[in-house]
Every structure is written in structure tokens, then in C-alpha cells.
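Structure, as C-alpha cells:
The values are calculated or read from the model by the stated rules, or taken from the named source; none is laboratory data. Bear in mind the structure is a predicted one, so any value in this text is a computation, not a measurement. For neighbour counting, all protein chains shown are included, and Cβ atoms are generated from backbone atoms with ideal geometry for every residue, glycine included.
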Amino acid sequence: MHIVILGCGRVGSLLARDLDELGHSVAVVDMEAKSFRRLPADFSGLTVTGIGFDRETLETAGIERAHAFAAVSSGDNTNILAARVARETYGVDRVVARIYDQRRAEVYQRLGIPTVATVAWTAGQIMRGMLPMGAQDEYRDPSGTVALAEVHVGSAWIGKLVSSLEQASGARVAFITRYGDAFLPTSESVVQEGDLVHAVYTSKNRLSVESVFETGPEEI
């Protein structure tokens, strides 16, 4: 995958390092050339000095072939503008923006742009937004038999009943986080775009649960 990162601060440089180590093609954009000093000496990606929402800058960074874009500069306005350009002008599928103002973050979530508004999520959650990684454990019982995890849900489940997801996967949906707020699903709850689904399942069934959550319901 080719991934463009706007901002080479602590989060951006960490993302760039980790993605580069995973073998992805990475381009980092920042207004200050000295910011690239945060990147490791063996970083093999591209660095571009310029304004993050400027089309020429983004095209130099390879936005036209990018599979994902992360806007993690220090400015909310720059991040959201750049994210919208990446999504709306260049059609990048996976776009994530870091927004410091929680209220504004919720607004942009409703516009279809995943946002990260708390420092605690930082690089790890942004990477999950760009590179779904199946299930991320949040709790395991002492025997290791049962796990509670945030499980990535594929787009085929959008608009489907949560109960159908449970029936198909054999997992129990413990709660869903939507626009930053958690709630307990009911029999009428449906999966919406941007939902973070937290499910309980037996550890031995992890792979099958991940597969069903990712691929979607079987066609009848």
C-alpha cells in the first residue's frame, strides 16, 4: 500500500516509522523540513515539504495512487481540509484525521471522515483506521478462553442488523462505540459506517469471527 501522512510530529513520525517497517510505501508531508529529523535514519519513504492541503504538494507525495491518508498535523483546520481534499478530490478510500476539538470531530465523523480526537488513541488507532487488523484484544479471562475485542467490521455489514452479525459469527456484541459514545445494542440496532464494534467470543474461534466480521453476511 502507498500511504500519505500529513504532519511529521510525534504521531506522524511514529506512524511513518511503523508503516515503513511493515513494508508499505510511505510519503510524509510537513511545512517544516526540519520536522523530518524525527524520522529514523533508515526511513525509506518519501518526504515532501509543503502545505498539506495543496494539490501540487499532495500529488508530489503520491496522493493519486494512495490507498490511505492520515492527517495528523498540529492544526485542526489543516487536517480536516487536507482529509476532505484526499477523500473528495482524489478518491482515497481510507482517510483519517486527528482533531483536537472533540465537538468538531463528531461533526466530521458524520461527514464520513473518521477522526481521532484524543491523545490516548494516537498512532495505534489511526493505523487501525487505515489498515484494519482483525481483532484487537481489550480483555481476556484468566484462563484465556474468552476474549473481549474491538473487531473490524467490513463494509458489507453496513446497514445490517447487529443480531445478524452475531448469528453469522457466533460472537456476542458487547457494545458499540459511535461518534465517541458507547451504547448497548438492541434487537433493532444496525451497523453504521464508522462504528467500533466490541465483541465477546471464545479465543479458539477468533479467526472465524474475524473472517465473518470482515467479509459480511452470506448471500442467500
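Taking the criterion of being closer than 18 Å to V92 by Cα and touching a strand residue (DSSP E or B) at 6+ places or on another chain (Cβ under 6 Å), the only residue of region 37-56 that qualifies is G52. Here R84 passes the criteria (1) basic (K, R); (2) touching a helix residue (DSSP H, G or I) at 6+ places or on another chain (Cβ under 6 Å); (3) closer than 29 Å to D195 by Cβ except the one numbered (2).
If the condition is being surrounded by fewer than 17 Cβ atoms within 10 Å (Cβ to Cβ) and touching a helix residue (DSSP H, G or I) at 6+ places or on another chain (Cβ under 8 Å), then region 206-215 contributes S208, T215.
Picking from residues in region 44-62 that are modelled with pLDDT under 95 and hydrophobic (A, V, I, L, M, F, W, C), the one that is nearest to R84 (Cα to Cα) is F53. Output the qualifying pairs, or none if there are none: Cβ atoms under 6 angstrom, residues six or more apart or on different chains, first residue in region 15-26 and touching a residue at least 40 places away in the same chain (Cβ under 8 Å) and assigned by TED's automatic domain parsing to the domain that holds R98, second residue among the aliphatic types (A, V, I, L, M) and part of a helix (DSSP H, G or I). Short answer, once both residue conditions are applied: L15/A123. Just checking, which of A68, A86, A82, A61 is within 22 Å of H152 (Cα to Cα) and of a type in the set (G, A, S)? After applying the criteria, what remains is A68.
Would you tally the residues in region 3-24 being at pLDDT 95 or above and more than 14 Å from S73 (Cβ to Cβ)? Counting residues in region 3-24 that are at pLDDT 95 or above and more than 14 Å from S73 (Cβ to Cβ) gives 1.
How about region 161-199: which of its residues are of a type in the set (V, I, T) and crowded, with 17+ Cβ neighbours inside 10 Å? Outline the logic, then answer.
Quick first cut of region 161-199, residues of a type in the set (V, I, T) only: 162, 173, 176-177, 186, 190-191, 197.
Matches in region 161-199: V162, V173, I176, V191, V197.
List, please: which pairs have Cβ atoms under 8 Å, are six or more places apart or on different chains, and start with a residue in region 169-183 that is under 20 Å from G159 (Cβ atoms) and end with one that is small (G, A, S) and in a loop (DSSP other than H, G, I, E, B)? Going by the 8 Å Cβ cut-off, the qualifying pairs are I176/S189; R178/G194; Y179/G194. Residues of region 131-160 that are buried (at least 18 other Cβ atoms within 10 Å of the Cβ) and at pLDDT below 80: A135 alone.
Just one of the listed residues (A16, A27, A33, A41) is under 16 Å from the mean Cα position of the chain (by Cα) and small (G, A, S), and it is A16.
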